[in-house]
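To start, the structure itself, in structure tokens.
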Amino acid sequence: MSFALKSATVAVLALGLALPALAQDKTAAADTVLATVNGTEITLGHVIIVQEGLPDQYKQLPDDVLFQGILDQLVNQALLAADPAAQETLRVRLSVENERRALLAATAAEAIATAGISEEALLAAYSEQYANANGGEEYNAAHILVETEEEAKAIVAELEGGADFAAVARERSTGPSGPNGGALDWFGPGMMVEPFQQAVEALEVGQVSGPVQTQFGWHVIKLNDKRTKPAPAFEEVRDQLERDMQQKAVQDRLTELTDTATISRDGATGIDPALIRDSSLLEN
């Protein structure tokens, strides 16, 4: 937060409920003029924009306190901005240009992202992605974790000799699932480290693996069961579908604009990237 905004916020807190009552006009437009400073107008819209940029803790202030505090801040800014000491430096000019560009781009992106996004379009996207699909395979497995390959081989031999997997896991496994007989929750592709995942996916239900090494040690794995996870319901993925469609719309539009634009980056050739950290260049 800038020095001016910090100062104004402190003033707001200091004023508290001692502020005068404000006339309540719930029908005012954003261009309603609240104050003039030597001919410079301060509108309700200016106040709203400042309010939107405040940290959440300040937004919890009573409306009358916040209103008067922000208005005071804007009046003070108008006074200082007109002072002969105020200068439109390179830093100021570039900051204004960046802010204007960013705001205009944001309004364009929002308009592009929301155009054509309807419930019908979302349902069509859902049907295309999920109607004939499933959520992939899920696996229910147990494992016994030990430190060395020799220990793992010995455990495999015990199990082949008829030992109970869960009992051996409780007795020998060093993993956190050991006390629970080595049992793991259901998991899908990519949820386990790669060697473990690959070993599980290669097993048949009821089959026990040979020793499998991961960064955690050596595993002996038993696949208890597997199932096909059903496709998610529309409501479960609606928000994600909407985000994906919005991002695609904006990216597609950017591609169109790029293809038809004249863009040159020649000026960036040979520039030392470290210069982006040299703030002293703004003081020239």
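Read-outs: derived from the displayed coordinates by stated rules, not from any lab. Quick caveat: nothing in here was measured; it's all calculated off a predicted structure. Using ideal geometry, Cβ is built from the backbone for each residue, glycine included, and neighbour counts are taken over all protein chains shown.
About its Cα centre, the dipole of the chain is roughly 520 debye, where the only charges are +1 on Lys and Arg Cβ and -1 on Asp and Glu Cβ.
Taking the C-alpha atoms only, the angle from helix 3-15 to the longest principal axis of the chain is near 80 degrees. Remind me, relative contact order of the range 128-284 in percent, using alpha carbon pairs under 8 angstrom and six or more residues apart? Dividing the mean separation by the residue count of the range 128-284 yields 28 percent. Each label point was placed 7 Å from the Cα along the Cα-to-Cβ direction; for GLU204 and ASN180 their separation is 2.8 nm. Between the range 229-284 and the range 43-107, the C-alpha centres lie 27 angstrom from each other. Seen against the Cα atoms of the chain and their longest principal axis, helix 149-160 is set at about 60 degrees. If R0 is 45 Å, the Cβ-Cβ spacing of ASP278 and THR214 corresponds to a FRET efficiency of close to 0.45. Projecting the Cα atoms of LEU80, SER173, HIS219 onto the charge dipole of the chain, computed from C-beta unit charges around the Cα centre, puts LEU80 farthest toward the positive end. Rg of the Cα atoms in the chain, relative to 2.2 N^0.38 Å, amounts to 1.70. About its Cα centre, the dipole of the range 137-228 is roughly 160 debye, where the only charges are +1 on Lys and Arg Cβ and -1 on Asp and Glu Cβ. For the pair ILE48 and ILE271, a Förster radius of 41 Å applied to the C-beta separation gives a FRET efficiency near 0.55, rounded to the nearest 0.05. Close amide H contacts of VAL37 (hydrogens built in the peptide plane, cut-off under 5 Å, sequence separation of 5 or more or a different chain): ILE42. With unit charges on the beta carbons (Lys and Arg positive, Asp and Glu negative) and the dipole taken about the Cα centre of the chain, which residue among ALA102, HIS143, GLN51 sits farthest to the positive side? About the Cα centre, the residue reaching furthest to the positive side is GLN51. For ALA141, the residues whose modelled amide H falls within less than 5 Å of its own, excluding neighbours fewer than 5 places apart on the same chain, are LEU184, ASN224. Label-to-label distance for ARG243 and ASN38 is 4.8 nm, based on points extended 7 Å past Cα in the beta-carbon direction.
In units of the rule-of-thumb radius 2.2 N^0.38 Å, the range 137-228 shows an alpha carbon radius of gyration of 0.96.
Taking the longest Cα principal axis of the chain as reference, the axis of helix 234-260 is set at about 60 degrees.
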